[in-house]
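A short write-up of the structure that comes next.
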Amino acid sequence: MAAAAPVLSVQDLSVEFHGDGGWLTAIRNVSFDIGPRECLGIVGESGSGKSVSALSILRLHARTTSRVPSGRILFGGRDLLTLPERELRRIRGAEIAMIFQDPMSSLNPVLTIADQIMEPLRLHQGLDRAAARQRAIALLDLVRIPDAGRRIDDYPHRLSGGMRQRVVIAIAIACQPKLLIADEPTTALDVTIQSQILQLLKDLQAELDMSVALITHDMGVIAQFADRVIVMYAGQVIESAPVLPLFDQPMHPYTNGLLAAIPRLEGVPGRLSSIPGSIPDPAQQIAGCRFNPRCPEALPACRQRAPDLAPAGTGRLSRFPPRLSNLVHNAP
Ligand SMILES: Nc1ncnc2c1ncn2[C@@H]1O[C@H](COP(=O)(O)OP(=O)(O)O)[C@@H](O)[C@H]1O
Ligand code: SF4
Ligand SMILES: [Mg+2]
């Protein structure tokens, strides 16, 4: 059976920013698809290029300081990178919605929740005030905010962090987007609230038939909520796989490092493993494999040539140095 056409297809995307030393590459040749009703996890340490990739989808980088030397972002048969701004505005917040880490900075403190949820409904769906208010109350119910009819007239500061993030989600799903991009949506919240919000996203995904791109630095979040995962490091995709095989048999040493950093809930209390060193910034020149300065399995050959992303079993890709794969990690 042929796989369903992806809802979004990012192809060979590179993004550069202008810095002191000229143009620097933040992400390079990134490709991934998101299928219908799929939750794609995008994981990697801070600085690996997750947000740059996500923001590029809706062209949210400043035009004066960023450029896109290569890539296509196909959505509904159109390339979002070349779409006229007017048409892209119709997609933003309607067909593709985004939520970010910090609910407070996503909400306007001087507007009531009603005003903020009603705005996209009036803008994109042309509802009048009364209809938009009714729909806004229904949306608060949908994101499980108790007593929605009363809460709707509150200002954001009257709500807890978790409730505010529910409001942000209500705004994001107001126009029933085909794709919801959630960039570290729970990082600012405490652990119990985190899992409630992630469960809510999962429920809404099924109820609304949405696709979700879930961005996180936390493999634990990926394990619980993603169907498939791409692992990013230093601006590149270094491995992609369905979640279960990735956890069963990670192929890339960086993926191994991220998995070892998941805090254990049971068993012997141990030191939280983390990968030594830190992620290189875009200005750093690295010969060969970009992970080699931190890789516990690095060989001299790893500094000679950058490994390509290659097929690595059913639905999987991983970076193996060509012709060296018998020397290094888990070649298929
Ligand atoms: N607006 C920007 N200008 C210059 N560099 C940026 C900008 N946004 C991100 N970067 C750089 O791009 C790299 C990837 O960042 P980002 O995608 O935000 O990482 P993360 O995986 O934590 O979301 C980082 O080195 C970051 O410093
Ligand atoms: S190519 Fe070499 S340095 Fe890079 S991840 Fe594999 S073993 Fe490590
Ligand atoms: Mg980020």
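Could you state the accessible area per residue of region 1-148 in Å², with a 1.4 Å probe and every protein chain left in place?
49 Å²
Determine how large the accessible area of THR25 is when every protein chain is in place; take a 1.4 Å probe and give Å² rounded to the nearest 10.
30 Å²
May I ask for the Rg/Rh ratio of region 98-237, computed from Cα atoms with Rh as the Kirkwood radius, given to two decimals?
With Rg and the Kirkwood Rh in hand, the quotient comes to 0.98.
At a 1.4 Å probe radius, carbon and sulfur cover how many percent of the accessible area of the chain?
Carbon with sulfur: 52 percent of the solvent-accessible area.
Given H placed on each backbone N at 1.01 Å, which residues far from LEU81 in sequence or on other chains put an amide H within less than 5 Å of it?
Here the answer is ILE73, since their amide H atoms fall under 5 Å of that of LEU81.
Through the Karplus equation 6.51 cos²θ - 1.76 cosθ + 1.60, θ set to phi - 60°, convert the phi angles of region 283-298 into ³J(HN,Hα) values in whole Hz; use x for Gly and Pro.
These are the phi-based 3J(HN,Hα) values: 7, 6, 8, 10, 7, x, 5, 5, 8, 4, x, 10, 7, x, 9, 4 Hz.
Around GLY19, which amide H atoms from residues at least 5 apart in sequence, or from another chain, sit under 5 Å from its own amide H, with H modelled in the peptide plane?
Here LEU24 satisfy the definition.
Around THR216, what is the net charge, scoring Lys/Arg as +1 and Asp/Glu as -1 over all other residues with Cβ under 13 Å from its Cβ?
Charge balance in the 13 Å sphere: -3.
Expressed in nm², what is the orientationally averaged projection area of the convex hull enclosing the Cα positions of region 19-78?
Result: 5.2 nm².
Tell me, what ³J(HN,Hα) does each residue in region 144-159 have, in order and in whole Hz, if you take phi through Karplus 6.51 cos²θ - 1.76 cosθ + 1.60 with θ = phi - 60° and put x for Gly and Pro?
With coefficients 6.51, -1.76 and 1.60, one gets 6, 9, x, 6, 4, x, 8, 4, 4, 8, 6, 8, x, 5, 7, 9 Hz.
Could you check the simple spin-label distance between ARG144 and ASP190, using points 7 Å along Cα→Cβ, in nm with one decimal?
1.7 nm
Suppose we look only past 35 Å in the calculated P(r) of the chain. What percent of the Cα-Cα pairs does that tail hold?
Of the Cα pairs, 25 percent sit more than 35 Å apart.
Could you let me know the centre-to-centre spacing of region 271-322 and region 91-157, using Cα atoms, in angstrom?
Result: 43 Å between the Cα centres.
Stretched out fully, how many nm does the piece from TRP23 to GLN11 gain, at 0.36 nm a residue minus the Cα gap?
Going from the current span to full extension adds 2.2 nm.
So what is the relative contact order for region 1-160, in percent, with contacts set as C-alpha pairs under 8 Å and at least six apart?
So the answer I get is 19 percent.
Extension gain ARG63-ASP79, at 0.36 nm per residue separation less the Cα-Cα distance, in nm?
4.0 nm
Can you tally the net charge around LEU246? Count Lys and Arg as +1, Asp and Glu as -1, for every other residue whose Cβ sits under 13 Å from the Cβ of LEU246.
Combined, the nearby Lys, Arg, Asp and Glu give -1.
What does the net charge come to around PRO177 if you take all other residues with beta carbon closer than 10 Å to its beta carbon, with K and R at +1 and D and E at -1?
+1
The values are calculated or read from the model by the stated rules, or taken from the named source; none is laboratory data. These numbers come from a predicted model, not from an experiment. Note that we place each Cβ from the backbone using ideal geometry, even for glycine, and neighbour counts take in every protein chain shown. Calculation scope for accessible area: heavy atoms of the full protein, side chains included, ligands and nucleic acids excluded. Shrake-Rupley method; radii C 1.70, N 1.55, O 1.52, S 1.80 Å.
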